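Student: I have a structure here, written as structure tokens, and I will follow up with some questions on it.
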Amino acid sequence: MNLNRSLTKFDIVSKDGQTIPFVVNSFQQNYLDKMSRRDVILKVRQVGFSSLILGLFTLDFLLIPNSRSVCISHDAPSAQKLLDRVKFFISSAEAKGLSVNLKYNSRNELMNADKNSSFYIGQAGSKSFGRGDTVNNLHLSEFAFYEDPERMLSGVLQALVPSGRAIIETTANGMNFLKTFWDKASVGENNFKAHFFGNTFYSKEFLDEKRLELGDEKFKQEYPATDTEAFLATGGLFFDRTALQGYLDTVQPPIQIYNSFYDLLI
């Protein structure tokens with residue numbers, strides 16, 4: 001399947017309010033070129049990853065028999081917006097000639113009668129997933145803002161089939177579980193692949209305007225240049241952010257690493 005061509009069957013609403021075909025941007029294409037079966041995406045605001053992931057899962061919902069797609073967001077209004085976007089994708093594809101036979105269409109779930117496929121969208125904590133469930137596609141949106149992200153992740157991963165796809169997509173929210181999870185993914189200590197997308201998506205003029213509009217600290221939170229900056233710029237910190245960043249910029253790597261006291265005696 002040519003993903004780029006297939007996604008153009010869907011329409012999106014542009015930032016200026018126009019309905020246009022879904023054409024992937026540079027960040028989205030970069031991710032498509034590097035995506036794996038287990039991905040964690042740390043990103044700046046409003047670069048289109050939720051739309052891309054929903055688009056990919058909607059393609060499976062419409063085309064792949066017996067597929068089960070699940071998207072979880074951090075709160076109810078955000079979850080509803082995700083579902084509305086999926087419904088907009090489907091209606092735009094129908095307007096272009098695709099026939100879709102929905103068995104049911106509720107506030108949380110869609111069922112494709114012809115393909116026996118389903119698409120569930122909900123709020124973190126509103127549904128428990130276990131071994132009795134079967135999930136082919138999993139999207140955890142704004143994961144850093146979940147009330148108990150570790151418990152949510154461990155539960156829903158039990159439902160993911162071995163060949164399934166899991167995508168964590170989020171902005172940073174301080175030094176919490178996501179930070180630990182991200183650090184492990186970055187060095188290959190878990191089975192997720194780390195993808196950071198910083199403020200290079202935007203022009204210098206746009207970023208300068210946003211810095212003036214938001215102030216330096218809020219700007220770094222919304223439009224970080226690095227993954228380190230993303231975590232330092234968010235949440236409540238005991239130490240001064242500027243001092244921490246200065247330390248990280250100047251700290252030297254260790255001369256040698258010892259695994260135990262006995263290594264020193266050799």
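Student: Could you give the nm distance between label points at residue 180 and residue 33, where each point is 7 Å from its Cα heading toward the beta carbon?
Tutor: According to this spin-label approximation, the distance is 3.5 nm.
Student: Pop a pseudo-label 7 angstrom from the Cα along the beta-carbon direction at both residue 208 and residue 148 and give the gap in nm to one decimal.
Tutor: Taking the two extended label points, one gets 4.9 nm.
Student: Among DSSP bridges having both ends in the chain, what percentage is antiparallel? Round to the nearest 5.
Tutor: Looking only at bridges with both residues in the chain, the antiparallel portion is about 30 percent.
Student: What is the local net charge at residue 194, summed over the other residues whose Cβ is closer than 13 Å to its Cβ (Lys, Arg +1; Asp, Glu -1)?
Tutor: After counting each charged neighbour, the total is +1.
Student: Could you tell me the relative contact order of the chain? Use alpha-carbon pairs under 8 Å, at least six residues apart, and round to a whole percent.
Tutor: 20 percent
Student: Name the helices (complete DSSP H segments) of the chain with a Cα length along the long axis of 20 Å or more and a Kyte-Doolittle mean of at least 0.5, or state none.
Tutor: Taking the DSSP H segments of the chain (at least 20 Å long, mean hydropathy at least 0.5), we get 49-63.
Student: How many nm is it between the label spots at residue 127 and residue 216, if each spot is 7 Å from the Cα in line with the beta carbon?
Tutor: Result: 4.5 nm between the two label points.
Read the figures in this text as sums done on the coordinates, not as results from a lab. As the structure is a prediction and not an experimental result, all values here were calculated from the model. Glycine also receives a Cβ, built like all others from the backbone with ideal geometry; neighbour counts cover every protein chain displayed.
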